[in-house]
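Below: one structure, written as structure tokens.
The values are calculated or read from the model by the stated rules, or taken from the named source; none is laboratory data. Small disclaimer: the values here were computed from a predicted structure and weren't measured. So basically every Cβ, Gly included, is an ideal-geometry build from the backbone, and we count neighbours across all protein chains shown.
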């Protein structure tokens, strides 16, 4: 197990290296000169050249890339063109907001999708099953920004129960954090819940028709034991992957939702960095997202081996 | 041995709801099995042999409509609330299914799968049930059972897996063991071992056995009684010696003739022409008439023949009768 984790971490390092290269090269293709954007109306040729030299943008590409890489290894991802602050701390500052939104959204999604998916599989063809299917169809087809706007109009505007947008760190005031996280988390979570409900339903249905479920029934076990011990243990193994992929994609920042709710997470940061042509920040954000994605996948693989004895990690 | 049958089935009919309409899988079947006795249910796939047993014990699919009377140890099962039926089934009936690879749960240890029924029905503690699982695995011939109890099914060979399934079925010392083609998925040498194991366990434990099979070779060696099923009905039933000596239904005769005979050397196998009918689409009259080599009577295609006695305990459902060696004509 230990060796497996180490090998996977090394592999992840190679993938991250590739990510830096691709992002670096792509940014060269993006039209727009970051130094011009940073200077705006204060543009004059002398300052322009001086700034370019200070940011190292006058050096050959290979040199720029290698020096970026060398610094990245020491945790230095450069400085923001716009604020002049270190990228590493800018990106890490945004992480708690994104983490808390993603975790709340996934928790909400799992709490909804789990009972809904399992029950609609157990009573397939029933009214509940049809309702669940309508719900998940709705969730995947209605755009999340529209649901977000409707949520703001209803719960913040008409009813006045929740703040329309904004963020309070959980460490500062958990209650106010909670009131602010509800709308964006439910908006994002509904989409995830819809995907999960469908997946859990079909996974449970598949396991219900397995021979070993009939064996368990033949043993005269209680229905609850058959479901919990024999059906769910098997049905949930593939579900773990879907939950993890969803979580990973939310960790990447839900750009539209973070912008809509003024949520200062990684997604919002990415959006602002693109707007400002703040390449070092954009690179840093993409690198962080890629690293989180790889880490989540590694955790899933380890978890898989714990859940399914037929899989061994070596 | 008590006179009361362990399992007694009368007029059992099973209709399955399918997308293409109702399918009558079992049409009025009677049989019973006594303690220590082995009943073989013989027939091709789709003949209703498995379905009659599953329906009788409450394991039929949800879409099935089951009528008839089923007594397990004198208790009427039909109409019993599912919870009571579940307890009767788990406590008194053990099942061994066809393919041990799919009938074992891949993510639970074999020990857990053997012990859980004992915990549920005998009120054993987890620890006691675990000790019982070791005993059972030992009983069915799994070497160093105590060490292998925490292994998973995929760590066993096919034959060993089927032994685990048998141990599981015996966990509560059931009065009845139902073996649904337990050797079909195994290789030939292992098949013989499993047949021998079940026969041996039956001698030691006095269990009644219902052996569902299409292999007449197994029937000849192990069964006391045989019931041949075709198209959801029993077409011939009786003591195994009587049925083998005087097969009275054209289908039974054909089945016996279709057995490979090593003494015949390289001679071609005799087969039954055509395919067994689908329960969705049963022929009128005797279900066997389209394939029947005899088709003795005009009624075959319109009327279901009645079950008539051939000799003591030996019955057959056909209009046609073989010339009996005694000269008696039916």
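Values computed for the structure shown
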{"item": "Qualifying helices (runs of 4 or more DSSP H) (wholly inside region B:192-299; at least 1 residues being out of contact with any strand residue (DSSP E or B) (no Cβ under 8 Å at 6 or more places or on another chain) and at pLDDT 85 or above)", "result": "B:240-245, B:250-257"}
{"item": "Output for region B:18-59, where each listed residue is within 14 Å of chain A (Cβ to nearest Cβ), out of contact with any helix residue (DSSP H, G or I) (no Cβ under 8 Å at 6 or more places or on another chain) and closer than 27 Å to residue B:74 by Cβ", "result": "B:50, B:51, B:53, B:54, B:55, B:56"}
{"item": "Members of region A:276-312 found to be part of a loop (DSSP other than H, G, I, E, B) and more than 14 Å from chain B (Cβ to nearest Cβ), listed by number", "result": "A:277, A:278"}
{"item": "Matching option when the condition is over 19 Å from residue A:286 (Cα atoms), exposed (fewer than 12 other Cβ atoms within 10 Å of the Cβ), at pLDDT 85 or above and in the same structural domain as residue A:83 (by the TED database), among A:14, A:63", "result": "A:63"}
{"item": "Residue B:155 being within 14 Å of chain A (Cβ to nearest Cβ) and without any contact (Cβ under 8 Å) to a residue 24 or more places away in the chain", "result": "yes"}
{"item": "Residue A:145 vs. criteria surrounded by 18 or more Cβ atoms within 10 Å (Cβ to Cβ), touching a residue at least 40 places away in the same chain (Cβ under 8 Å) and out of contact with any strand residue (DSSP E or B) (no Cβ under 8 Å at 6 or more places or on another chain)", "result": "no"}
{"item": "Restricting region B:165-191 to residues that are within 11 Å of another protein chain (Cβ to nearest Cβ) and in a helix (DSSP H, G or I), the residue that is nearest to residue B:114 (Cα to Cα)", "result": "B:168"}
{"item": "Residue that is surrounded by 13 or more Cβ atoms within 10 Å (Cβ to Cβ) and at pLDDT below 85, where the choices are A:3, A:42, A:52", "result": "A:52"}
{"item": "In region B:118-134, the residues that are part of a helix (DSSP H, G or I) and more than 9 Å from chain A (Cβ to nearest Cβ)", "result": "B:118, B:119, B:122, B:126, B:127, B:128, B:129, B:130, B:131, B:132, B:133, B:134"}
{"item": "Checking residue B:148 against (1) closer than 23 Å to residue A:231 by Cβ; (2) touching a helix residue (DSSP H, G or I) at 6+ places or on another chain (Cβ under 8 Å), the condition it does not meet", "result": "(1)"}
{"item": "Residues of region B:98-112 that turn out to be at the interface with chain A (Cβ under 9 Å from one of its Cβ atoms) and under 22 Å from residue B:210 (Cβ atoms), as a count", "result": "5"}
{"item": "Checklist (1) in contact (Cβ under 8 Å) with a residue 40 or more places away in the chain; (2) in the same structural domain as residue A:224 (by the TED database); (3) in a helix (DSSP H, G or I) applied to residue A:68, failing item", "result": "(2)"}
{"item": "Some residue of region B:138-152 being closer than 18 Å to residue A:214 by Cα, within 9 Å of chain A (Cβ to nearest Cβ) and either modelled with pLDDT of 90 or more or in a helix (DSSP H, G or I) (or both)", "result": "no"}
{"item": "Condition check for residue B:50: touching a strand residue (DSSP E or B) at 6+ places or on another chain (Cβ under 7 Å) and farther than 29 Å from residue B:119 by Cα", "result": "no"}
{"item": "Single residue of A:131, A:103 found to be in a helix (DSSP H, G or I), modelled with pLDDT of 90 or more and under 30 Å from residue A:281 (Cα atoms)", "result": "A:103"}
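To keep it simple, each residue is scored yes or no on (1) touching a helix residue (DSSP H, G or I) at 6+ places or on another chain (Cβ under 7 Å); (2) within 7 Å of chain A (Cβ to nearest Cβ); (3) buried (at least 17 other Cβ atoms within 10 Å of the Cβ); (4) modelled with pLDDT of 90 or more.
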position	(1), (2), (3), (4)
B:73	yes, no, yes, yes
B:79	no, no, no, no
B:96	yes, no, yes, yes
B:116	no, yes, yes, yes
